Amino acid sequence: MHFDSSTLIPVLPEIFILTMVCLIMIIDLFLDESQRQTTYLLTQISLAVTIFITLLVSSPETQVVFDGSYIRDPMSDGLKVFICIISMVAFVYSKEYLLKHDQFRGDFFVLGLFAILGMMVMVSSASFLSIYLGLELLSLSLYAMVAFDRDSKTGSEAAMKYFMLGAIASGMLLYGISMIYGATGHIGFSEVASAVATSGTDNTVLVFGLVFLVIGLAFKLGAVPFHMWMPDVYHGAPTPVAMFIGSAPKLAAFALAIRMLVDGLEGLHADWQGMLIILAVLSMALGNVVAIAQTNIKRMLAYSTISHVGFIMLGILAGTNEGYISSMFYAITYGIMAVCSFGIIIAFSRKGFEADQLDDYKGLHERSPWFALMMLFVMFSMAGVPPTVGFFAKLFVLDAVISVGLTNIALIAVFFSIIGVFYYIRIIKLMYFDKPVDDTPFEASIDTKVVLSVNGTSLLILGLFPASLLSICTAAFG
Amino acid sequence: MTFELFLFYVFSAALLYAATMVITQRNSVHSALFLVLAFCCAAGVWLLAEAEFLAIVLILVYVGAVMVLFLFVVMMLDVDQASDRAGYMKYAPVGVLIAVVLAIELMLVVGPGNFGLDKFASPIPHAADYSNTKELGRVLYTVYMYPFELAAVILLVAIIAAIGLTLRKRPQTRYQDPAKQVQVKAADRVRIVKMATEKKWS
């Protein structure tokens, strides 16, 4: 094998973040309770430097190193940068929550950084082996984070459910990978793709493996009928963990789908398109309809996530570059929206009060007009109302689906989106037209307020100027 | 039937029997012991497939370390078997149905139709001085270096997660601080009080 130190250059972001997380872990050991802020600051600095390094090593051409285990291309660069940005924002809100609830511990940030490393590995893996290991790294960190509040019964229950179902999903995925290895004799995506191209697509073993791959993928994305863990985990996990699970890992799950289905098995597009159509339609239907019945805003957001996952799958199943671009745009947009919605929940919570009931949002406008406006942006964006960015995300996906002739599917998507608008608008109605039941003054630290404002207005600004984000996504599939 | 084929059938039959017993035994200690048997049989099958190193590692790591630990945990826990069984019969039909469907699908796919000798030539047996361990080591630290490092990171996360979830300081727990114990001086422990004599001894 050929190896020199230049091989390591594309991997620098991962190497840096791993080094930093080990350092932070050791530094955190020697800190007093009062100095815990240092851990948080170091975490944010390492993420910022990781973004910088990712941009530094980025280039338009594709590099594959480590004997076909690692790939660096424009898609991985773009997704890594957004994963880091969204996680940084999520950590700002998390710090607010942890301080308010006296749970400020270093292991939250250490596990979070490990999860980010796992996502980055997934985003730039070029073989089934490394993508599986990245997924396990991400999942293992998330299981531990869900159980972060050890005295909470719902938290432990959610962690247990998440762990069990996650383990089954990983098993399914591994079984599918072993079938594909059996059929092609390779685990690298490009080798698998060429083996599929030569051996033909009417191979029972390949399709059998593909079914298991898609099941594993649907579990991780949270698509119906493999969504059962999502509402319980969102509800039971501490709010910052629910926020973390609901935002950046969706980008990694998108990369998982693209790497496995498009990079590896694009030859079987006809087969996986049908499977994804079923998953996407069911997700949009069940997510949007069941969300209406929720009274807990975290559960409602979980079902809303399920419906958004349907849209992300819709773009992928189109099977064209346009579809992948729209899907990536949707995933990034969704990450920004999700982190903002949970940020507002955290900003309104205080010790002993989680602010997770819909009724807690009554009359929010009178208590804090500015943050009620931010919540309005998020809800409009999630519902897909112009001029917010959520509208363009839905528009691009629908456009891609219609251009491949799946007009019926697009109509179903629009139909269920309209149903979904109801529960988003209901929150706006509660905030603006109902009397507040709780007059406790709104308290949040200044950095949370600033970041929340930027995050909320970014939904509007990206909606007015979607070209900047779109150009990043277009470059990824150029 | 060659002797190797005979051994294969023996190991496979024992493996299937042990695996079935693992999930049907009422006593969890018995289940764990049957799992040990299942691992040993699987190791036998792997030996027949010329994967000596993996077979030995399976016995050393899983049987020798993991299962022993597992048995300890099972013995420590007070498992309420009656409540574990509740709902067993309710879900059994669905479970059996799924298992049967999956088994039939598997037999159809992983049968000789797709993996027969006409599709894949039978592997050539290696020479007696062929070292399976050496070959594995050669690719593990070169071609598969990146996945190898990732696996190490996953183990690190597992350690952190386990410690993070179980280690907690309880304020009511009494514990010794060796540093303080070592530093203690006689003066800290015994206070000699000088007193004037109050009553004359007679």
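Within the stretch B:122-144, is even one residue within 14 Å of chain A (Cβ to nearest Cβ) and touching an Asp or Glu at 6+ places or on another chain (Cβ under 7 Å)?
Yes, because at least one residue in the stretch B:122-144 is within 14 Å of chain A (Cβ to nearest Cβ) and touching an Asp or Glu at 6+ places or on another chain (Cβ under 7 Å).
For A:I187, indicate whether it is among the aliphatic types (A, V, I, L, M) and crowded, with 17+ Cβ neighbours inside 10 Å.
yes
Please state which one of B:V110, B:V100 is away from every other protein chain (no Cβ under 12 Å) and at negative phi.
Numbers: B:V110 fails: away from every other protein chain (no Cβ under 12 Å).
Result of the check over B:V110, B:V100: B:V100.
How about the stretch A:39-55: which of its residues are surrounded by 14 or more Cβ atoms within 10 Å (Cβ to Cβ) and touching an Asp or Glu at 6+ places or on another chain (Cβ under 8 Å)?
The answer is A:T39, A:T54.
If A:F104 meets every condition in (1) part of a helix (DSSP H, G or I); (2) open to solvent by 10 Å² or more (accessible area, probe 1.4 Å); (3) touching a residue at least 40 places away in the same chain (Cβ under 8 Å) apart from one, which number is that one?
Single failed check for A:F104: (1).
Quick check on the stretch A:1-20: of everything there that is at pLDDT 90 or above and at the interface with chain B (Cβ under 9 Å from one of its Cβ atoms), which residue is surrounded by the fewest Cβ atoms within 10 Å (Cβ to Cβ)?
Top of the filtered list is A:L18.
Find all pairs meeting these conditions: Cβ atoms under 9 angstrom apart; at least six residues apart or on different chains; first residue within the stretch B:113-137 and without any contact (Cβ under 8 Å) to a residue 60 or more places away in the chain; second residue open to solvent by 100 Å² or more (accessible area, probe 1.4 Å).
B:G113/B:K119; B:N114/B:L108; B:D118/B:P112; B:K119/B:P112
Only residues that are among the aliphatic types (A, V, I, L, M) and either touching a residue at least 60 places away in the same chain (Cβ under 8 Å) or more than 19 Å from A:L42 (Cβ to Cβ) (or both): list them for the stretch A:66-101, please. Please lay out each step first, then the result.
Kept after step one, since they are among the aliphatic types (A, V, I, L, M), are these residues of the stretch A:66-101: A:71, A:75, A:79, A:81, A:83, A:85-86, A:88-90, A:92, A:98-99.
Selection gives A:I71, A:M75, A:L79, A:V81, A:I83, A:I86, A:V89, A:A90, A:V92, A:L98, A:L99.
From the list A:Y303, A:Y330, A:Y361, which residue is in contact with a helix residue (DSSP H, G or I) (Cβ under 6 Å, 6 or more places away or on another chain), under 25 Å from A:G78 (Cβ atoms) and among the hydroxyl-bearing types (S, T, Y)?
So the residue among A:Y303, A:Y330, A:Y361 that is in contact with a helix residue (DSSP H, G or I) (Cβ under 6 Å, 6 or more places away or on another chain), under 25 Å from A:G78 (Cβ atoms) and among the hydroxyl-bearing types (S, T, Y) is A:Y330.
Any residue in the stretch A:228-246 that is part of a helix (DSSP H, G or I), within 14 Å of chain B (Cβ to nearest Cβ), open to solvent by less than 10 Å² (accessible area, probe 1.4 Å) and not hydrophobic (A, V, I, L, M, F, W, C)?
As a first pass, look at the stretch A:228-246 and keep what is part of a helix (DSSP H, G or I): A:229-236, A:239-246.
With the extra rule that they be within 14 Å of chain B (Cβ to nearest Cβ), the set shrinks to A:241.
Among the residues that remain, those that are also open to solvent by less than 10 Å² (accessible area, probe 1.4 Å) are: A:241.
Next cut, not hydrophobic (A, V, I, L, M, F, W, C) only: none.
The answer is no; no qualifying residue exists.
Taking only pairs six or more apart or across chains, which ones have beta-carbon atoms under 9 Å, a first residue in the stretch A:182-202 that is under 18 Å from A:F66 (Cβ atoms), and a second residue that is assigned to a helix (DSSP H, G or I) and of a type in the set (D, E)?
Here the result reads A:F189/A:D263; A:S190/A:D263; A:V192/A:D263, each pair linking the stretch A:182-202 to a residue that is assigned to a helix (DSSP H, G or I) and of a type in the set (D, E).
One line per residue, one yes/no per condition, for (1) of a type in the set (S, T, N, Q); (2) open to solvent by less than 60 Å² (accessible area, probe 1.4 Å):
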site	(1), (2)
A:T333	yes, yes
A:I344	no, yes
A:R350	no, no
A:K362	no, yes
A:P369	no, no
A:A372	no, yes
A:M379	no, yes
A:L395	no, no
A:G405	no, yes
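Specify which of the listed residues (B:A51, B:A43, B:A38, B:A14) is open to solvent by less than 40 Å² (accessible area, probe 1.4 Å), at pLDDT below 90, closer than 28 Å to B:I124 by Cα and touching a helix residue (DSSP H, G or I) at 6+ places or on another chain (Cβ under 7 Å). Before the answer, list the steps.
Numbers: B:A43 fails: at pLDDT below 90; B:A38 fails: at pLDDT below 90; B:A14 fails: at pLDDT below 90.
Going through B:A51, B:A43, B:A38, B:A14 in turn, the sole match is B:A51.
Could you list all residues from the stretch A:415-430 that are more than 13 Å from A:Y361 (Cα to Cα) and among the basic types (K, R)?
Selection gives nothing.
Restricting attention to the stretch A:30-41, report how many residues are aliphatic (A, V, I, L, M) and free of Cβ contacts under 8 Å to residues at least 40 places away in the same chain.
Kept after step one, since they are aliphatic (A, V, I, L, M), are these residues of the stretch A:30-41: A:31, A:41.
Next cut, free of Cβ contacts under 8 Å to residues at least 40 places away in the same chain only: A:41.
Summing the residues that are aliphatic (A, V, I, L, M) and free of Cβ contacts under 8 Å to residues at least 40 places away in the same chain in the stretch A:30-41 gives 1.
Any idea how many residues of the stretch A:34-85 are over 22 Å from the mean Cα position of the chain (by Cα) and among the acidic types (D, E)?
2
Would you check if A:K95 is buried (at least 18 other Cβ atoms within 10 Å of the Cβ), over 20 Å from A:C473 (Cβ atoms) and away from chain B (no Cβ under 14 Å)? Full working, then the answer.
Numbers: buried (at least 18 other Cβ atoms within 10 Å of the Cβ): yes; over 20 Å from A:C473 (Cβ atoms): yes; away from chain B (no Cβ under 14 Å): yes.
Criteria met by A:K95.
What residue, among those in the stretch B:145-174 that are more than 10 Å from every other protein chain (Cβ to nearest Cβ) and not in a helix (DSSP H, G or I), is nearest to A:L117 (Cα to Cα)?
Restricting to residues being more than 10 Å from every other protein chain (Cβ to nearest Cβ) and not in a helix (DSSP H, G or I), the top hit is B:K169.
Looking at the stretch A:21-38, which of its residues are away from every other protein chain (no Cβ under 13 Å) and surrounded by 13 or more Cβ atoms within 10 Å (Cβ to Cβ)?
Those that are away from every other protein chain (no Cβ under 13 Å) and surrounded by 13 or more Cβ atoms within 10 Å (Cβ to Cβ): A:I27, A:L31, A:R36, A:T38.
Restricting to the stretch A:98-123, and then to whatever is within 15 Å of the chain's Cα centre (by Cα) and of a type in the set (G, A, S), can you tell me which residue is farthest from the other protein chains (Cβ to nearest Cβ)?
A:G112
Let's see how each residue does on (1) part of a helix (DSSP H, G or I); (2) basic (K, R); (3) surrounded by 21 or more Cβ atoms within 10 Å (Cβ to Cβ):
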{"site": "A:L142", "(1), (2), (3)": "yes, no, yes"}
{"site": "A:S156", "(1), (2), (3)": "yes, no, no"}
{"site": "A:G171", "(1), (2), (3)": "yes, no, no"}
{"site": "A:G176", "(1), (2), (3)": "yes, no, yes"}
{"site": "A:D202", "(1), (2), (3)": "no, no, no"}
{"site": "A:L206", "(1), (2), (3)": "yes, no, yes"}
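Given the conditions (1) over 30 Å from A:Y181 (Cβ atoms); (2) open to solvent by 10 Å² or more (accessible area, probe 1.4 Å); (3) touching a residue at least 40 places away in the same chain (Cβ under 8 Å), and given that A:L113 satisfies all but one, which numbered condition is not satisfied?
Checking A:L113 against (1) over 30 Å from A:Y181 (Cβ atoms); (2) open to solvent by 10 Å² or more (accessible area, probe 1.4 Å); (3) touching a residue at least 40 places away in the same chain (Cβ under 8 Å), the one that fails is (2).
The values are calculated or read from the model by the stated rules, or taken from the named source; none is laboratory data. Note that the structure is predicted; figures quoted are calculated from it, not measured. Methodologically, a virtual Cβ is constructed for each residue, glycine included, from the backbone with ideal geometry; neighbour enumeration extends over all protein chains shown. Remember, those area values only see protein heavy atoms, side chains included, never the ligands or the DNA or RNA. Shrake-Rupley method; radii C 1.70, N 1.55, O 1.52, S 1.80 Å.
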